[in-house]
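Before any comments, here is the structure.
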Amino acid sequence: MRNFILRYLLPRLGQYLVVIFLGVTITYIIPRLSPSDPVERQVAEIMVSGAHFGPEAIAHMRDALTDMYGLRGSPIEQYLAFWARMFQGDLGPSLSRFPTPVISLIARALPWTLGLLITAVMISWVIGNILGAYASYYEKSGIMKVIDVASQAVRPIPYYIVAVIFLIVFAYFFPIFPAGGAYPVGRRIEMSIWAVQTILRHSALPALSLVTVGMGAWFIGMKSLTSNIISEDYVVYAEVTGLPQRKILYGYIMPNALLPQVTGLALNLGMIFSGALILEVVFVYPGMGMLTYQAVLANDYSLIMGIAIFSIVGVATAVLILDLIYPLFDPRVRHQ
Amino acid sequence: MPLLSVKNLHAYYRTEAYGISRTVRAVDDVSFELQKNEIYGIAGESSCGKTTLIKVISGSIKPPLRIEGGTMTYTFDGRDVDIASVAPEVMRREIRWKEISYVMQGSMSILNPVRRVRRIFRHVVDTHQGIDDKRKFEALCRDHLKKLGLPPDILQAYPHQLSGGMKQRIAIALATIFRPSLIIADEPTTALDVVVQRGVLQLLKDIQAESSNTVLLVTHDMAVHANVADRVAIMYAGTIVEEGPTEVIFGAPQHPYTQHLIASLPVIGDKGTRSALPGAPPNLASPPSGCRFHPRCPMAKEICRRVVPSMIQLDTLHRAACHLVGEREEA
């Protein structure tokens, strides 16, 4: 155990921190290469609104903004101050929704995205993999052939097209589900059965679009992985010894074929911190994707930076967790 | 009573693609008997139909492989079983592993890489003989492994932690756990070095001596046959060309193919060059007419090109299929 911590866990954690450090540093540098000065722009915007300020007031405002944006001092000082604020959870104020802090915008959007995407990714992963393994193992089954053709057909369609089709069919022609949003406008979210129902009803269509397309992708991947595993000696041997087919599928084929899919799942879960941009826009869903979209439209650098930092941490953390739990799935990578 | 009696067995692979049908006559008119309590070797070069023969007699016939004729009758405890007509479920539960078990070619990779060896034993045992009591199962496995001289701790291991020789021994242990009447070993030593080979062969021999069952040993390695087999059959292009006790096959081979095979083996002290047989084995999709060996046979005559030679009984246990041998016998 001691050996494991010293020679595996600590180096791995170090690597994790280095990745985050580099990612965040790059995110810090890029907006600063832009020629526009956010302080001047903010001042100009306030001036344009028509209010009149004396030169002293303007100088004062400039001063306050420079502080707020962390632009005081040399680049090195700014960079250090940036890290200091990061550790306090302060990502600065949003430019477009001044002066709301970036962190509270993200905190508002993140639960929506996480709830929707984790559910959709998990459902499509589980179903896609089970069906993929079945389709490859029971090649002659008619249902499996239908699912196979359907997946091949759905797979190349971008998920937002699927989303639009669902929206037209289930919200317009047959108004079963609401056309957008995550909850009715103007209502506060409280813990009640009504709230849960409403949220589920609102997220049904976005989730359905993600599951439909995601499942197709996992299905196709798993099908080809399984068809490779089926011809492995240990599967042929299991058949020769007379094991029942179910046992071969669940005990021999799936545990081996799933290994790359587990990696894929972890990477997918890491990516969800940046949200499903177009989908959220199509469904007017108040998640990270929508936030990114608005931030880009409004040139809101500090918000884009905040979202990017969250994505970096998300992907790095997912990969770290994957590395730590992978030996549970594949004993061959267990640390000796 | 022989354990298995195979008569005039024909097994072909029939495939059809784009309207062109192809027939590969992998096993063509093969007859032999397996006695109880013996080690029977089948030798022959690659693609001579050895593995197909095993598939057929172990009842694992899947399209495109089909039996085109002949009979295969097993006698288990006085009960006759025609292996080609057994219901698949009976085959799977009662005959596989309990009566006929199999040490597969490429045993190095037969163990599920993500499960402990114990789990593989568990699966095999559960399929054929439910043992609900965990301790009884554990005791069964440990006893069996100890008897074979294997450390019982390997149950705890993952396949990647074991050496090739150990995996091969586990394959043998798995195949013998129910004391089957027939153990089919397909190239059991091919990927092993000679030292490990010796251990594995000794293990097979010991098991056979201890439980007096039958081992069908299939390998292209003549040295293995010389060491282990009681009787040897030589296959060429889907047919058995000669069969006899091991000493006779190695000491006084009659069929020209066998003679060449034996002559190609190194002999201690002899520094002369070994001769190799010219040509390559025939394509079984369109085998030569008459004797299938005639295009490569240095002694081929006119009759060899036209007529398929029949098996000639030379001795109670020794027989060969060759026109020349027939002529010699008549003279």
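The values are calculated or read from the model by the stated rules, or taken from the named source; none is laboratory data. Computed from a prediction, not measured in an experiment: that's the story for all the values here. Neighbour counts are summed over all protein chains in view; Cβ atoms, including those assigned to glycine, are modelled from backbone coordinates with ideal geometry. In case anyone asks, the SASA skips ligands and DNA or RNA and just uses the protein heavy atoms, side chains included. Shrake-Rupley method; radii C 1.70, N 1.55, O 1.52, S 1.80 Å.
Suppose the filter is open to solvent by 20 Å² or more (accessible area, probe 1.4 Å) and either closer than 29 Å to A:SER136 by Cα or modelled with pLDDT of 90 or more (or both); does A:LEU167 pass it? No: the conditions fail for A:LEU167. Residues in the range B:312-331 that are of a type in the set (Gly, Ala, Ser), more than 23 Å from the chain's Cα centre (by Cα) and either surrounded by fewer than 12 Cβ atoms within 10 Å (Cβ to Cβ) or under 27 Å from B:THR23 (Cβ atoms) (or both): B:ALA331 only. Considering B:SER47, B:SER21, the condition of being within 18 Å of B:HIS220 (Cβ to Cβ) and open to solvent by 50 Å² or more (accessible area, probe 1.4 Å) is satisfied by B:SER47 alone. Applying a threshold of 6 Å to beta carbon distances and a minimum spacing of six or more residues, or different chains, the list of pairs starting in the range A:249-267 at a residue that is away from chain B (no Cβ under 11 Å) and ending at one that is open to solvent by 10 Å² or more (accessible area, probe 1.4 Å) reads A:LEU249/A:TYR137; A:VAL262/A:PHE329; A:LEU265/A:TRP125; A:ALA266/A:ALA318; A:ALA266/A:LEU322. Note on the range B:166-182: residues that are more than 13 Å from chain A (Cβ to nearest Cβ), of a type in the set (A, V, I, L, M, F, W, C) and outside any helix (DSSP H, G or I) total 1. Residues being on the phi < 0 side of the Ramachandran plot, modelled with pLDDT under 90 and of a type in the set (Ser, Thr, Tyr): count how many of those fall in the range B:208-218. Going through the range B:208-218 one residue at a time, the tally reaches 1. Of the residues examined, B:GLY41 is not one that is under 28 Å from B:ALA17 (Cβ atoms), under 19 Å from the mean Cα position of the chain (by Cα) and touching a residue at least 24 places away in the same chain (Cβ under 8 Å).
Take B:ILE57 and tell me if it is touching a helix residue (DSSP H, G or I) at 6+ places or on another chain (Cβ under 9 Å), open to solvent by less than 30 Å² (accessible area, probe 1.4 Å) and without any contact (Cβ under 8 Å) to a residue 24 or more places away in the chain. Answer is no for this residue. Among the residues making up the range B:86-100, those that are open to solvent by 50 Å² or more (accessible area, probe 1.4 Å) and in contact with a helix residue (DSSP H, G or I) (Cβ under 9 Å, 6 or more places away or on another chain) are B:ARG93, B:GLU94, B:LYS98.
Among the residues making up the range B:294-331, those that are closer than 22 Å to B:PRO245 by Cα and in a loop (DSSP other than H, G, I, E, B) are B:PRO309, B:SER310, B:MET311, B:LEU314, B:ASP315, B:THR316, B:LEU317, B:HIS318, B:ALA321, B:CYS322.
Among the candidates B:TYR102, B:TYR74, which residue alone is within 21 Å of A:TYR237 (Cα to Cα) and not small (Gly, Ala, Ser)? Spell out how you get there, then give the answer.
Details: B:TYR74 fails: within 21 Å of A:TYR237 (Cα to Cα).
Only one candidate qualifies: B:TYR102.
Checked against the criterion of being assigned to a loop (DSSP other than H, G, I, E, B) and either within 30 Å of B:LEU261 (Cβ to Cβ) or within 14 Å of chain A (Cβ to nearest Cβ) (or both), the candidates B:ILE61, B:ILE42, B:ILE54 yield just one match: B:ILE61. Counting the residues of the range B:279-311 that are open to solvent by less than 40 Å² (accessible area, probe 1.4 Å) and either under 20 Å from B:VAL30 (Cβ atoms) or in contact (Cβ under 8 Å) with a residue 12 or more places away in the chain (or both) gives 14.
Scanning the range B:32-91 for residues that are touching a strand residue (DSSP E or B) at 6+ places or on another chain (Cβ under 8 Å) and aromatic (Phe, Trp, Tyr) gives B:PHE32, B:TYR40, B:TYR74.
Residue count for the range B:101-137 under the criterion of being away from chain A (no Cβ under 11 Å) and either crowded, with 19+ Cβ neighbours inside 10 Å or over 24 Å from A:LEU328 (Cα atoms) (or both): the result is 9. The condition of being open to solvent by 10 Å² or more (accessible area, probe 1.4 Å) and touching a strand residue (DSSP E or B) at 6+ places or on another chain (Cβ under 9 Å) holds for only one of B:GLN208, B:GLN202, that being B:GLN208.
The residues in the range B:86-100 that are more than 8 Å from every other protein chain (Cβ to nearest Cβ) and in contact (Cβ under 8 Å) with a residue 60 or more places away in the chain can be counted, and the count is 3.
Restricting the search to the range A:1-13, which residues are open to solvent by 30 Å² or more (accessible area, probe 1.4 Å) and either under 30 Å from the mean Cα position of the chain (by Cα) or within 12 Å of A:MET305 (Cβ to Cβ) (or both)?
The answer is A:ILE5, A:TYR8, A:LEU9, A:LEU10, A:PRO11, A:LEU13.
B:TYR13 falls short of the stated requirement of being open to solvent by 40 Å² or more (accessible area, probe 1.4 Å) and without any contact (Cβ under 8 Å) to a residue 24 or more places away in the chain.
Quick one: would you say A:THR212 is within 14 Å of another protein chain (Cβ to nearest Cβ), modelled with pLDDT under 90 and crowded, with 18+ Cβ neighbours inside 10 Å?
no
Filtering the range A:224-242 to residues that are out of contact with any Ser or Thr (no Cβ under 8 Å at 6 or more places or on another chain), within 13 Å of another protein chain (Cβ to nearest Cβ), farther than 20 Å from B:ILE95 by Cα and open to solvent by 40 Å² or more (accessible area, probe 1.4 Å) leaves only A:SER231.
For B:ILE83, the criteria (1) within 13 Å of chain A (Cβ to nearest Cβ); (2) buried (at least 19 other Cβ atoms within 10 Å of the Cβ) hold in every case but one, which is (1).
If you take the residues of the range A:21-78 that are open to solvent by 30 Å² or more (accessible area, probe 1.4 Å) and among the aromatic types (Phe, Trp, Tyr), which of them is farthest from A:SER302 (Cα to Cα)? Checked the range A:21-78; the qualifying residue farthest from A:SER302 (Cα to Cα) is A:PHE53.
Scanning the range B:202-239 for residues that are in a strand (DSSP E or B) and of a type outside the set (Lys, Arg) yields B:THR214, B:VAL215, B:LEU216, B:LEU217, B:VAL218, B:VAL232, B:ALA233, B:ILE234, B:MET235, B:TYR236, B:THR239. Checked against the criterion of being on the phi < 0 side of the Ramachandran plot and open to solvent by less than 10 Å² (accessible area, probe 1.4 Å), the range A:296-304 contains one or more residues that satisfy it.
So how many residues does the range A:320-336 have that are touching a residue at least 60 places away in the same chain (Cβ under 8 Å), open to solvent by 40 Å² or more (accessible area, probe 1.4 Å) and part of a helix (DSSP H, G or I)?
The qualifying residues number 4.
Residues that are over 23 Å from A:ILE304 (Cβ atoms) and outside any helix (DSSP H, G or I) are absent from the range A:16-33.
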